[in-house]
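What follows is a single structure, written as structure tokens, with notes after it.
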Amino acid sequence: MKFTIDWLNEYVNTDGISAAQLADHLTMLGLEVDAVTELFQELAPLKTAQVLSVERHPDADNLSLCQVAVGPETLQIVCGAPNVRPGLVTAIALPGTTLPGGIKIKKSKVRGIESCGMLCSERELGLGTGHSGIMELPEGTPHGHSFLQELGLNETMVEVDLTPNRPDCASVIGIAREVAGVLRRPLTLPVERAEIEFARTSFSVDIESSALCPRYGARLVTGVTIAPSPWWLRKRLLSIGLRPINNVVDITNLVMMEYGQPLHAFDFEKLAGGRIVVRHPHGDELDFTTLDGTARRLDPEMLMICDGDRPVAIAGIMGGMNSEVGDSTTSILLESACFHPVSIRKTARKLKLSSEASYRFERGVDPGGCLSAMERAVSLLCEVAGGVAISGGVDNYGGQRPPRTLVLRISRTAELLGIPLNHEKIIDVLVSIGFRCKEKDADTLWVGVPSFRVDIEREVDLVEEVARLVGYNTIPTTLPTVHLSYPEQDQSRMIRSKIGDLLTGIGYFEAINYSFTTEKHLPALGLPEGDPRCRLVRLLNPLSDDQSVMRSMLLPGLLENVQRNLNFQKNAIKLFEIGKVFTPRGENEQPLEKTRLAGVLSGNRFGEASPFHYRQTAVDFLDAKGAVEYLLQGLRLWGMGDASVLDFSFPAQGRIDPHCDPLQCLTIRAGEQEVGCVARILPEVLRKFGIKQDVFFFDFDLDALCQGKGVARIFKPLPIFPSVGRDIAMLVPENVAAGDLVEAVLSAREPLIEGCEVFDVYQGDSLQAGAKSVALSVTYRSPQKTLTEKNVEKVHMKIVEMLSSKFKGTLREG
């Protein structure tokens, strides 16, 4: 929104307020000022000049040799304007002046005659389009003075960036109202509370839908003479960047910028039947040419202004060529209406046509101001265009709404703003910007909201108005009270974050799949119909057949990710996902949601690493188990000796999922509760997903993992005494797991044992049938002294005897 301070002063006196102070006031009112610009500074070097005499140029019929007075000087100017004559006062650009178009004036010879400057037209000065002659200034204008001062062009323009909720400020009067409120000065309006006394029968207005057109006012003005606008009117429009056209169009533009109410002038003689009908176009009326000369294709839902036969304007956006005001127009039907913002916005977007009128209608025009703006334009048409206003008119106000009234509590306002307030102060600030106030009781006001404030809906909006006008700077700065207590952390969120860090640290990527999936996946995994995971939550309105149910497992989505990666020749795959699975509970109950963790790995063990350094080796079951062990150890739920919360075990008979390889499958338990598993997926299952290489997976109930309490970290100093290593090679039955031997050693409660690892497992023809050799490396250390051979040997023999007894083993010789 642009306006000049001189224009603003017509409605509110800003004496004593500089442009910078005014900009600061507006910004603090919530109307952010984008720019404060001194206008027409490029015309500052121009002077006024009076033509003293005019003679024909000796060598050119179309040029004149003029003697021009510029203050005490008399200059010779060669001019080609047909309207140059003695006594004419005009604008002169002296040598050294640069005109707006970049033309630099210098002393030169024109057909052999020296010319000491240039007499300028409006177009050359950027003040209009006229180029038929030089600019004619009013009689009596002194010569030799500043051109800017004599024409009143030394103005300051202010540009305000409006928010969409303040359409009332898309006008100079709206800005003036805000300034009057903050300065506590009176607001003067050209026309206020206008009414139409009686209906005019020489024309009619019919509205198809009062919801789309709440109000439509019209007046008839006859005897109009179309001509260029007077200078004061053209100057107003030029100062805010609008192009003057003719007196009628310029008046409608001026009043629109003044009141924020778009107007439209129809040539009354071109309106069939003297009728205005606000309606949608018929099927044979969808081709329409707007005032810019563009043929447009209409939509049947667009609102149009029609006469008795055809559309003549696109409601709220632009008029049509078939009702345009032209040079021969003598009778004007002036429209001042209010249209539904959404309807105008949709039409403008579909037609890709935006105008100053649509900008205002899209944000909401005050229906209560239609007649005041129209009466202002009618009075200007009579004054400037010589028109005669026909008494009466039409005011079709079918969409009138009752005035809005809100309750404002004084104590609540003071509490929210943190400053003392009373009835008188609040009433003073609200009345200053057009609100009506009445005391209800000692702590409450009835506040009537003016129709132009479409953004005021609740009590808190009124509190904001009080804050704006009292001044945000008057509200004291206070620091909030912050309790120095560490906020409680969501344990499950922290564990999920920890899992992500651990798995991405060993080369896994996190996958995020839709919770919507297809029910075809579960039969592909071989799940029987009675399996709880086959009970699915079905969507009433699915996006597609492939997204018709809520997932009950994470694994199918990850297998689709594997298949997609293989299609893109990404053969080394390590993925994990943390997400919810859903189980129905009842017809009118929300489904049960559980959070699970699943991961898959397939292809090359070393990922994208160069085969020069790492041999191409496919992952196996131990890679999957190792990833799970690393994860659980990082969560301190496993690998902590006797304090471990979880342990691995073989699944019980009949408890293996049909898609798992029974020979490569382990379950993870917390006591008697099964919290997860790790397994190889059967090849026949993978083929149903289009996968031709081995895939291993792990799957956890993340809610159960989060309930497990990890072993607390105990920090110990670095050892200062050396360790001693001893190896044990035992022959044990082949059904004894090597890990059980390690677990037995670590659980022996011998204080000197620091660690135990398997370094070899051997089965072969050299051993007796049904036996295998397991080699362990045991580390001994004392925190108090250096161990002697005797100390170590004593404990070592106890461990050997314990293993021999517990696992029916013998020491392997040789």
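Within segment 513-538, work out how many residues are within 34 Å of the chain's Cα centre (by Cα) and modelled with pLDDT under 90. Within segment 513-538, residues that are within 34 Å of the chain's Cα centre (by Cα) and modelled with pLDDT under 90 number 0.
Taking segment 743-800 as the range and being of a type in the set (F, W, Y) and open to solvent by less than 40 Å² (accessible area, probe 1.4 Å) as the test, only Y780 passes. Restricting the first member to segment 734-745 and to residues that are farther than 10 Å from L803 by Cβ, and the second to residues that are of a type in the set (D, E), the beta-carbon pairs closer than 8 Å and six or more apart or on different chains are V742/E757. Taken as a whole, the condition of being among the charged types (D, E, K, R), closer than 21 Å to D206 by Cβ and touching a strand residue (DSSP E or B) at 6+ places or on another chain (Cβ under 7 Å) applies to R275.
When segment 122-175 is filtered for residues that are part of a helix (DSSP H, G or I), more than 30 Å from H340 (Cβ to Cβ) and hydrophobic (A, V, I, L, M, F, W, C), the ones remaining, listed by number, are F147, L148, L151. State yes or no: is P311 free of Cβ contacts under 8 Å to residues at least 40 places away in the same chain and either over 22 Å from G283 (Cβ atoms) or in contact with an Asp or Glu (Cβ under 7 Å, 6 or more places away or on another chain) (or both)? So P311 fits the description; yes. Pairing each residue of segment 345-359 that is in a helix (DSSP H, G or I) with any residue that is basic (K, R) and open to solvent by less than 100 Å² (accessible area, probe 1.4 Å), provided the two are 6+ apart or on different chains, yields C-beta distances under 6 Å for L351/R296.
Could you check segment 210-227 and list, in sequence order, the residues that are assigned to a loop (DSSP other than H, G, I, E, B), more than 37 Å from the chain's Cα centre (by Cα) and surrounded by fewer than 16 Cβ atoms within 10 Å (Cβ to Cβ)?
Residues of segment 210-227 that are assigned to a loop (DSSP other than H, G, I, E, B), as a first pass: 210-214, 223-227.
Still in the running and more than 37 Å from the chain's Cα centre (by Cα): 223-227.
Listed by number, the residues that qualify are G223, T225, A227.
Tell me yes or no: at least one residue of segment 194-209 is part of a helix (DSSP H, G or I) and either over 20 Å from F268 (Cα atoms) or open to solvent by less than 10 Å² (accessible area, probe 1.4 Å) (or both). No. The strands (runs of 3 or more DSSP E) found entirely in segment 53-119 that carry 1 or more residues being open to solvent by 40 Å² or more (accessible area, probe 1.4 Å), modelled with pLDDT of 90 or more and touching a Leu at 6+ places or on another chain (Cβ under 6 Å) are 64-70. If you go through segment 588-602 and pick out every residue that is within 28 Å of L686 (Cβ to Cβ) and surrounded by fewer than 20 Cβ atoms within 10 Å (Cβ to Cβ), you end up with 2.
Just wondering, is there one or more residues in segment 778-793 that are closer than 23 Å to S649 by Cα and part of a loop (DSSP other than H, G, I, E, B)? For segment 778-793, residues closer than 23 Å to S649 by Cα and part of a loop (DSSP other than H, G, I, E, B): absent.
Each residue in segment 294-311 was checked for being open to solvent by less than 50 Å² (accessible area, probe 1.4 Å), within 30 Å of A385 (Cα to Cα) and in a loop (DSSP other than H, G, I, E, B), and 2 pass.
Go through segment 450-490 residue by residue and tally those that are acidic (D, E), open to solvent by 80 Å² or more (accessible area, probe 1.4 Å) and either touching a helix residue (DSSP H, G or I) at 6+ places or on another chain (Cβ under 8 Å) or under 15 Å from T413 (Cα atoms) (or both). Show your work before the answer.
Residues of segment 450-490 that are acidic (D, E), as a first pass: 455, 457, 459, 461, 464-465, 488, 490.
Now narrow it down to the ones that are open to solvent by 80 Å² or more (accessible area, probe 1.4 Å): 457, 464, 488.
Cutting the leftovers down to either touching a helix residue (DSSP H, G or I) at 6+ places or on another chain (Cβ under 8 Å) or under 15 Å from T413 (Cα atoms) (or both) gives us 464.
Going through segment 450-490 one residue at a time, the tally reaches 1.
Counting only residues that are touching a helix residue (DSSP H, G or I) at 6+ places or on another chain (Cβ under 8 Å) and open to solvent by 30 Å² or more (accessible area, probe 1.4 Å), which one in segment 139-155 is modelled with the highest pLDDT?
Just the residues of segment 139-155 that are touching a helix residue (DSSP H, G or I) at 6+ places or on another chain (Cβ under 8 Å), to begin with: 141-142, 147-148, 151-155.
Still in the running and open to solvent by 30 Å² or more (accessible area, probe 1.4 Å): 142, 154.
Numbers: P142: 93, N154: 85.
My answer is P142.
Residues of segment 429-485 that are among the aromatic types (F, W, Y) and over 34 Å from the mean Cα position of the chain (by Cα): W446 alone.
Could you please let me know if Q41 is open to solvent by 20 Å² or more (accessible area, probe 1.4 Å), closer than 22 Å to S146 by Cβ and touching a His at 6+ places or on another chain (Cβ under 7 Å)? Break it down into steps so the answer makes sense when it comes.
Details: open to solvent by 20 Å² or more (accessible area, probe 1.4 Å): yes; closer than 22 Å to S146 by Cβ: yes; touching a His at 6+ places or on another chain (Cβ under 7 Å): no.
Taking the combined requirement at face value, the residue does not satisfy it.
Would segment 243-256 turn up any residue that is within 30 Å of D24 (Cβ to Cβ) and surrounded by fewer than 16 Cβ atoms within 10 Å (Cβ to Cβ)? Step through it out loud before you land on a result.
Applying the first criterion (within 30 Å of D24 (Cβ to Cβ)) to segment 243-256 yields 253-256.
The next check asks that each one be surrounded by fewer than 16 Cβ atoms within 10 Å (Cβ to Cβ); those that pass are none.
No; the residues of segment 243-256 include none that is within 30 Å of D24 (Cβ to Cβ) and surrounded by fewer than 16 Cβ atoms within 10 Å (Cβ to Cβ).
Restricting attention to segment 663-675, the residues being open to solvent by 10 Å² or more (accessible area, probe 1.4 Å) and either over 19 Å from L686 (Cβ atoms) or out of contact with any strand residue (DSSP E or B) (no Cβ under 9 Å at 6 or more places or on another chain) (or both) number 7. With the condition kept exactly as written, say whether any residue in segment 732-742 is within 19 Å of E754 (Cα to Cα), assigned to a loop (DSSP other than H, G, I, E, B) and either open to solvent by 20 Å² or more (accessible area, probe 1.4 Å) or at pLDDT below 90 (or both). No, every residue in segment 732-742 fails to be within 19 Å of E754 (Cα to Cα), assigned to a loop (DSSP other than H, G, I, E, B) and either open to solvent by 20 Å² or more (accessible area, probe 1.4 Å) or at pLDDT below 90 (or both).
In segment 278-290, the qualifying residues are those that are closer than 24 Å to S204 by Cβ and of a type outside the set (K, R), and the one that is surrounded by the fewest Cβ atoms within 10 Å (Cβ to Cβ) is D284.
Residues of segment 1-45 that are farther than 19 Å from S171 by Cβ and assigned to a loop (DSSP other than H, G, I, E, B): D15, G16, I17, S18, L39, F40, A44, P45.
Would you mind stating whether L631 is assigned to a helix (DSSP H, G or I), modelled with pLDDT of 90 or more and more than 48 Å from the chain's Cα centre (by Cα)?
So L631 fails the test.
Here segment 692-721 is the region considered, the condition is being over 28 Å from I656 (Cα atoms) and open to solvent by less than 60 Å² (accessible area, probe 1.4 Å), and the residue that is modelled with the highest pLDDT is F721. Every condition in (1) crowded, with 18+ Cβ neighbours inside 10 Å; (2) in contact (Cβ under 8 Å) with a residue 60 or more places away in the chain; (3) closer than 30 Å to G607 by Cα holds for S515 except the one numbered (1). Under 8 Å between Cβ atoms, at least 6 apart or on separate chains: pull out the pairs that start in segment 702-714 with a residue that is in a loop (DSSP other than H, G, I, E, B) and end on any residue that is surrounded by 10 or more Cβ atoms within 10 Å (Cβ to Cβ) and small (G, A, S). Sorted first by the residue in segment 702-714, then by its partner, the pairs are G708/A670; V711/A643; V711/S644. If the condition is being open to solvent by 50 Å² or more (accessible area, probe 1.4 Å) and either within 20 Å of A313 (Cβ to Cβ) or outside any helix (DSSP H, G or I) (or both), then segment 364-397 contributes V388, S391, D395, Y397. State all residues of segment 423-433 that are closer than 26 Å to N165 by Cβ and surrounded by fewer than 18 Cβ atoms within 10 Å (Cβ to Cβ); if no residue qualifies, say none. Those that are closer than 26 Å to N165 by Cβ and surrounded by fewer than 18 Cβ atoms within 10 Å (Cβ to Cβ): K425, D428, V431. If only residues of segment 312-337 that are in a strand (DSSP E or B) and open to solvent by 10 Å² or more (accessible area, probe 1.4 Å) are counted, the one that is nearest to Y359 (Cα to Cα) is M318.
The values are calculated or read from the model by the stated rules, or taken from the named source; none is laboratory data. Here the structure is a predicted model, which means the values were calculated and not measured. We place every Cβ from the backbone using ideal geometry, glycine too, and count neighbours over all the protein chains shown. Note: accessible area is taken over every heavy atom of the protein model, side chains too, but ligands, DNA and RNA are not part of it. Shrake-Rupley method; radii C 1.70, N 1.55, O 1.52, S 1.80 Å.
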